[in-house]
Amino acid sequence: MVAVDTRKDLREFLATRRARITPQQAGLPTYGGHRRVPGLRREEVALLAGVSVEYYTRLERGNANGVSDSVLEALVRVLQLDDAERAHLYDLTRGATTAARGRRRPARSAVRPGVQQLLDAMTDVPAFVQNGRLDVPAANPLARALYADLFDGAGPSAAGRPPNLARYIFLDPRAVDFFPDWNKAASDAVTQLRAEVGRSPDDRELRELIGEITTRSQHFSTLWATHDVRWHTTGTKRYHHPVVGDLTLAYEAMTLAADPGQTLITFTAEPNSPSQQALALLGSWAASSTAQATAHDRTNEHHLA
């Protein structure tokens, strides 16, 4: 298990954000000469944010006690944070206090029966539910067929836990073939887990997951050290499926309002495209596989009887 130190995370997040902003980007005059640090110096951030150097230095050392929203908004502006980074900064600063951390609840694993019914009703669209740890506790048959390696039980998994996308991406060698853009898939997974650590620093299962992957994947450790966070609510993903070949699918991520921490992910193909044809073939293959499995189970039951 890896220990989550919110003060350390805040310190490193602020340091990595200011390191990427040049004086020119910040609108500061440049006088040439060698700079000892990449990006902005602490005193430059403090100047631009309108706080003392001592105040900003204390904050960057992880001491967020008493920090105001106005100061945080000034840092958002100076460090040119996007919406995901802004939310992460607030999570880290608020998570540094015991009271704030006590209000956080880990991401749920189980899904409600109504959500499962919704998934099952989406017969032509791959869809699954994902939580902040990237667990996939529920999926419809077409999603199971698309992510067959994730759900087959042959890859790395934690006993008694649902399939996990991060564990699959970094620890299952089949993922490299399944994701033609594997480096992007890996980066996306890490940025989502980073955001979740900010939201839920006391989630034991999350800490165990990060500790496991960190000790087994150097690539994960390298990406983890960047402290990058991103939101992934819409976009496209490319797949190389072992049965139907290449697919390019658009995804939409929709938060389940009644289930905090759970997100419904759906995938669609462009109409009349090769990917739509491949998706239809995947549906036929999934239906055939299900029928064969059902027939096999009935045969076994007959023999046992």
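The values are calculated or read from the model by the stated rules, or taken from the named source; none is laboratory data. This one's a predicted model, so the numbers in the text were calculated from it and none came from an experiment. Note that we place each Cβ from the backbone using ideal geometry, even for glycine, and neighbour counts take in every protein chain shown.
The single condition among (1) modelled with pLDDT of 95 or more; (2) closer than 20 Å to G261 by Cβ; (3) in contact with a helix residue (DSSP H, G or I) (Cβ under 6 Å, 6 or more places away or on another chain) that V136 does not satisfy is (3). Residues in segment 265-275 include at least one that is modelled with pLDDT of 95 or more and among the aliphatic types (A, V, I, L, M).
For segment 106-127, taking the residues that are polar (S, T, N, Q) and in contact with a helix residue (DSSP H, G or I) (Cβ under 9 Å, 6 or more places away or on another chain), the one that is modelled with the highest pLDDT is identified as T123. For segment 46-61, the criterion of being among the hydroxyl-bearing types (S, T, Y), in contact with a helix residue (DSSP H, G or I) (Cβ under 9 Å, 6 or more places away or on another chain) and closer than 29 Å to E208 by Cβ is satisfied by no residue at all. With a requirement of 3 or more residues that are in contact with a His (Cβ under 9 Å, 6 or more places away or on another chain), the helices (runs of 4 or more DSSP H) lying completely within segment 122-206 that satisfy it span 182-199.
If you check T222, T215, T248 for being more than 21 Å from G95 (Cβ to Cβ) and either basic (K, R) or not in a helix (DSSP H, G or I) (or both), only one passes: T248. Take the conditions charged (D, E, K, R) and surrounded by 15 or more Cβ atoms within 10 Å (Cβ to Cβ) and apply them to R35. Does it pass? No, not satisfied. A single member of R194, R216 is of a type in the set (K, R), modelled with pLDDT of 95 or more and surrounded by fewer than 21 Cβ atoms within 10 Å (Cβ to Cβ), and it is R216. Number of residues in segment 219-246 that are touching a residue at least 60 places away in the same chain (Cβ under 8 Å), crowded, with 19+ Cβ neighbours inside 10 Å and over 26 Å from A87 (Cβ atoms) equals 2.
Just to be sure, is A286 modelled with pLDDT under 95, surrounded by 13 or more Cβ atoms within 10 Å (Cβ to Cβ), part of a helix (DSSP H, G or I) and at negative phi? Taking the combined requirement at face value, the residue satisfies it.
For segment 148-171, a residue qualifies if it is over 16 Å from S109 (Cα atoms) and at pLDDT below 80, and the qualifying residues are G153, A154, G155, P156.
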